[in-house]
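Notes for the one structure printed next.
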Amino acid sequence: MRSRVVFAGFLVLAAISTSLCVFPDTAQAGTWVTGYYPGWEQGQMPATNIDFTTITHVIHFSLTPQPDGSLNLSDNGLTPANCSNLVAVAHAAGARAIICVGGAGTETEFQDATAPSTLTTFANNLVQFVNTYGYDGLDIDWEPFFSSDASQYTNLINALRSSPGFPANKLLTIAAPAYPSYGDPAPATEFTMFASEQSKLDQINVMTYDLSGPYPGWVTWFNSPIYDGGYTFPGTSELVPSIEAAINHFTTNGVAQAKLGVGLPFYGYSWTGSTGVTLPRQSWPGANPPAVSTPTYNTIISTYYQPGRYHWDTNAQAAYLSITSSPASSDMFISYDDARACQCKVSYVRNRGLGGIMIWELAQDYVKGQPAPLTQAIKQSLATPAVTSIQLNGGSVSLSFTSLPLATYRVQWNSNLGATNWNTVATGISGNGSLLQITDSAPAGEPQRFYRVRTPP
């Protein structure tokens with residue numbers, strides 16, 4: 001008989017005498033999957049089409065702060081009906097619904113709304129909005145952020161957490177820049193600020209995308225690579241951006257790993273023009289940079305994808321398309337996240353002991369009447385490791401389980417399921433996306449052994 005019981009990030013299997021014992025499945029917990037859901041998308045992707053078997057938290061995007069501390073719903077397509085609908089659908093599915101305030105280019109609005117004369121009004125309006133529509137919390141998306149904003153940002157967090165209408169069970173989440181804003185005179189301020197305020201925050205979701213662009217002195221690079229591959233900008237010792245470097249900025253400045261989420265884009269970067277670009281790490285004439293656009297995943301697959309154009313960069317752990325045209329100025333380099341990239345990012349989150357995944361944004365993966373492939377890839381990734389067989393072979397036990405690329409596993413055993421100390425059969429097992437098999441030469445005559453397959457930590 002085969003058995004499986006799934007806890008947060010591991011399986012427990014039991015081999016008893018010459019038979020195997022079945023345990024009931026339990027839901028995997030611990031890793032959040034937070035997806036942004038813009039109000040303007042609700043017409044073409046109803047809230048009922050969000051996969052709440054995968055999405056644990058949905059962030060409704062977005063209110064816009066006003067200089068007098070009031071809130072604007074219309075900028076991003078929010079309506080009272082849309083707000084009520086999303087909250088009802090999420091709660092019916094057992095998920096948490098969060099309202100976002102801010103977005104790209106709202107720094108000035110935040111500065112005005114959090115000035116001493118308007119902060120209390122602004123915080124009260126946010127709390128009232130959360131409670132009026134029954135949201136489970138608030139997400140702050142202050143972009144861009146400069147060190148000069150730190151005091152007012154902190155005041156906003158403190159004002160919300162001290163409000164009687166915003167109790168401890170209400171979530172407070174943050175969309176945090178992956179790197180300091182260009183030209184910030186005190187670039188570490190962002191990270192030290194979040195470290196000092198982290199006890200008041202439930203999720204610090206790092207926007208680990210938009211990590212490249214056609215800037216002076218740059219090269220073609222990936223939108224959201226896990227690693228830099230040791231590659232530096234030409235003529236410098238400065239490493240190109242990566243998720244790993246961004247996360248390290250937070251952790252080395254005191255932010256707990258479990259508070260951090262890795263941003264996963266459902267869109268890509270398409271480079272074209274100049275003298276022709278088809279690959280990562282290409283330069284261009286300084287006076288003639290390529291152009292960059294940001295097509296959705298659905299557009300990339302339906303318009304540009306062909307198997308012969310697809311490549312995987314092992315050093316960066318990132319997917320891309322290489323398209324050669326005539327003239328060369330029509331060549332294309334398209335960096336994007338596919339199913340494999342999603343799997344690797346789930347592995348990275350587990351390997352680092354991070355809190356979860358954040359998606360921008362859910363509708364970019366959605367086509368009416370079809371499965372959402374990136375969302376499904378995340379779902380399947382979170383279901384691993386999953387046992388496919390456990391067998392007694394004489395005095396040995398053979399365990400087979402599914403794995404993810406970039407993942408690491410360890411297999412442990414104990415004779416008592418309730419024990420806290422587990423014995424290691426094998427550790428540092430590398431996942432590759434295929435089935436793995438481990439054999440344990442269990443002592444003959446031992447009445448029972450329980451096994452678990454764990455991902456870090």
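The values are calculated or read from the model by the stated rules, or taken from the named source; none is laboratory data. What you see is a predicted model; the values in this text were computed from it and never measured. Cβ sites come from the backbone with ideal geometry, for glycine too, and all protein chains shown count toward neighbours.
Observations, loosely collected:
- Qualifying positions in region 116-156 - part of a loop (DSSP other than H, G, I, E, B) and either over 21 Å from R96 (Cα atoms) or touching a strand residue (DSSP E or B) at 6+ places or on another chain (Cβ under 6 Å) (or both): P116, S117, T118, Y135, D136, E143, P144, F145, F146
Yes or no, residue by residue, for (1) outside any loop (DSSP other than H, G, I, E, B); (2) in contact with a helix residue (DSSP H, G or I) (Cβ under 7 Å, 6 or more places away or on another chain):
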{"position": "N158", "(1), (2)": "yes, no"}
{"position": "A186", "(1), (2)": "no, yes"}
{"position": "S196", "(1), (2)": "yes, no"}
{"position": "Y209", "(1), (2)": "no, no"}
{"position": "W221", "(1), (2)": "no, no"}
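- Within region 162-180, being out of contact with any helix residue (DSSP H, G or I) (no Cβ under 8 Å at 6 or more places or on another chain) and either assigned to a loop (DSSP other than H, G, I, E, B) or surrounded by fewer than 17 Cβ atoms within 10 Å (Cβ to Cβ) (or both) holds for S162, P164, P167, A168, N169.
- Filter result for the condition that a residue is modelled with pLDDT under 95 and surrounded by fewer than 18 Cβ atoms within 10 Å (Cβ to Cβ), over G213, G217: G217
- The numbered conditions (1) aliphatic (A, V, I, L, M); (2) in contact with an Asp or Glu (Cβ under 6 Å, 6 or more places away or on another chain); (3) over 18 Å from A319 (Cβ atoms) are all true for V240 except (3).
- Qualifying residue in region 243-256 (condition: under 24 Å from S181 (Cα atoms), in contact with a Gly (Cβ under 7 Å, 6 or more places away or on another chain) and in contact (Cβ under 8 Å) with a residue 24 or more places away in the chain): no
- Residue check, T48 part of a helix (DSSP H, G or I), over 16 Å from the mean Cα position of the chain (by Cα) and modelled with pLDDT of 95 or more: yes
- The listed residue being over 17 Å from T56 (Cα atoms) and aliphatic (A, V, I, L, M), out of L321, L354, L382, L374: L321
- Residues that are of a type in the set (V, I, T) and assigned to a loop (DSSP other than H, G, I, E, B), drawn from region 245-295: V255, T275, V277, T278, T294
- The condition (being in contact (Cβ under 8 Å) with a residue 40 or more places away in the chain and small (G, A, S)) is satisfied by just one residue among A123, A115: A123.
- Among residues of region 379-438, those that are surrounded by fewer than 20 Cβ atoms within 10 Å (Cβ to Cβ), assigned to a loop (DSSP other than H, G, I, E, B) and of a type in the set (A, V, I, L, M, F, W, C), counted: 5
- Figure legend. Inter-residue proximity from region 304-317: first residues at pLDDT 95 or above and assigned to a loop (DSSP other than H, G, I, E, B), second residues exposed (fewer than 13 other Cβ atoms within 10 Å of the Cβ) and not hydroxyl-bearing (S, T, Y), beta-carbon distance below 9 Å, spacing 6+ or different chains. Indicated pairs: N315/G230.
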